[in-house]
Amino acid sequence: MIRIANGQGFWGDSLEAPVDQVRRGPIDYLTLDYLAEVTMSILQKQRARDPKAGYARDFVEMIGRVLPDLTRRRVRVIANAGGINPKGCADAVDAVAERLGIPIKIAVVAGDDLLPQLDELLNRGIDLKNMETGAPLSVIRSQVQSANVYFGAFPIVQALRGGADIVITGRVTDTALGLAPTIHEFGWGEDDWDKLAAGTIAGHTIECGAQCTGGNCQYDWETIPDLAGVGYPIVEAEPDGTFVITKHAGTGGRVTVASVKEQLLYEMGDPREYITADCIADFTTIQLDQCGPDRVRFRGIKGRPPTAFYKVSISYIAGFKALGSMVYAWPDAYKKARAAEQILRKRLDHLGLQFEEIRAEFLGANACHGIPAAEPSPDVAPELAEVVLRFGVRGQDRAAVERFTREIPPLALNGPPVVSGLGLGRPHVEDIVAYWPALISKHEVKPEVTLWPSES
């Protein structure tokens with residue numbers, strides 16, 4: 001049996017969770033998931049300003065805190081913190097190891113970044129059509145910010161077999177981080193579909209960190225103990241493909257069938273066909289058993305061969321947006337916010353400003369559930385203590401969006417009686433980053449695995 005702990009569900013997750021996972025009990029692997037679709041475009045922008053940037057700097061700082069613990073406890077680390085500059089991330093980690101005088105072997109999994117070869121691919125007739133609309137990428141080529149292939153677990157396995165203590169990847173599937181150690185430790189083959197599906201589901205269950213140990217849990221959430229000290233998940237994996245989800249003893253949160261089911265539904269399409277680069281997992285075959293306090297066993301999982309394609313995550317600039325907010329208080333908070341909305345709409349119309357979308361939300365009244373389904377009833381609306389008007393526009397004309405931002409501050413004195421304008425000034429104009437999912441044949445791209453030891 002091996003223990004695979006996850007200490008990061010996204011870039012910006014708890015800084016203490018990875019440290020606690022290493023120090024609070026025995027684990028064999030620490031996985032860290034930093035990347036989301038929009039993250040890649042942010043990292044691409046950072047690297048455009050600084051060639052040494054483009055990775056999750058939090059990861060390097062964390063390694064500096066726990067590297068002595070990692071080596072003493074013989075814990076290996078797998079992280080997609082490399083973003084669009086995994087080699088730069090590895091250089092930074094290597095520098096930390098040198099400073100601490102701890103020799104380590106680092107591996108980099110790269111080759112996922114298609115941006116430098118995008119035009120060459122398009123010229124060869126690889127259209128990278130949008131999976132939802134069928135449109136070829138050429139229609140928005142000039143707006144593309146990032147383009148990354150989702151590699152699977154086997155490049156990480158290659159790095160582990162090469163002796164890497166720390167594996168840093170660019171874009172791989174989230175599930176690959178947890179699947180790779182099981183393949184490596186148990187010798188699973190590339191056609192052990194049931195076992196690969198089990199490892200994939202294990203990786204999926206822990207990829208969002210504390211979301212499977214009681215965080216963000218709808219079921220009986222008020223009774224979940226000590227969320228302030230919530231424990232992050234650990235997979236106890238067996239060679240036959242069964243595994244247990246648990247957490248360190250003495251930590252907060254809860255691991256139950258209900259909590260893991262909520263995570264299993266995360267980003268779920270067809271539950272019979274959860275498609276990854278390594279296999280297709282059938283979530284309907286999962287059998288769950290509560291086998292002890294904070295212990296849920298998974299068994300019976302079935303899988304099938306993967307497709308002949310990798311998924312490609314492409315981000316592009318799709319116009320501009322700005323969002324402003326104002327706070328209105330009792331009496332008649334909702335009525336004041338509604339009046340302010342209408343005033344703004346009339347002023348924008350008078351100015352002749354055209355937008356693709358204008359949206360108003362009323363926090364405290366109906367923002368979570370939309371309009372008009374959640375419209376407060378007449379007897380409730382007057383009693384609302386406070387309402388925040390959140391008003392935004394989006395469009396292709398940056399100048400028009402910029403002009404809109406100048407209409408928010410005047411509302412403080414030329415509109416309904418207000419408490420304050422959130423943000424203390426004009427809203428900022430922001431790029432709209434949109435998502436373009438595509439497929440590419442596995443024959444067209446190859447992962448690049450590089451290993452080197454620290455010079456210390």
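The values are calculated or read from the model by the stated rules, or taken from the named source; none is laboratory data. Small disclaimer: the values here were computed from a predicted structure and weren't measured. All Cβ positions, even for glycine, are placed from backbone atoms using ideal geometry, and neighbour counts span all protein chains on display.
Brief remarks follow.
- Single residue of 16, 120 found to be among the acidic types (Asp, Glu), free of Cβ contacts under 8 Å to residues at least 40 places away in the same chain and outside the structural domain of residue 186 (by TED's automatic domain parsing): 120
- When residue 137 is tested against the conditions (1) among the aliphatic types (A, V, I, L, M); (2) under 21 Å from the mean Cα position of the chain (by Cα); (3) surrounded by 14 or more Cβ atoms within 10 Å (Cβ to Cβ), the lone failure is (2).
- Qualifying residue in the stretch 19-28 (condition: in contact (Cβ under 8 Å) with a residue 40 or more places away in the chain, touching a Gly at 6+ places or on another chain (Cβ under 7 Å), crowded, with 24+ Cβ neighbours inside 10 Å and not basic (Lys, Arg)): yes
- Candidates 345, 398, 359, 295 - the one that is in the same structural domain as residue 233 (by TED's automatic domain parsing) and out of contact with any helix residue (DSSP H, G or I) (no Cβ under 9 Å at 6 or more places or on another chain): 295
- Taking the criterion of being within 15 Å of residue 31 (Cα to Cα) and either buried (at least 24 other Cβ atoms within 10 Å of the Cβ) or basic (Lys, Arg) (or both), the residues of the stretch 235-252 that qualify are 235, 237, 245, 247.
- The set of residues in the stretch 38-97 being farther than 13 Å from residue 168 by Cβ, among the small types (Gly, Ala, Ser) and either without any contact (Cβ under 8 Å) to a residue 12 or more places away in the chain or buried (at least 20 other Cβ atoms within 10 Å of the Cβ) (or both) consists of 41, 48, 95.
- Of the residues in the stretch 258-271, at least one is within 22 Å of residue 32 (Cβ to Cβ) and loosely packed, with under 13 Cβ neighbours inside 10 Å.
- Residues of the stretch 373-415 satisfying the condition of being touching a residue at least 24 places away in the same chain (Cβ under 8 Å) and of a type in the set (S, T, N, Q): 396, 405
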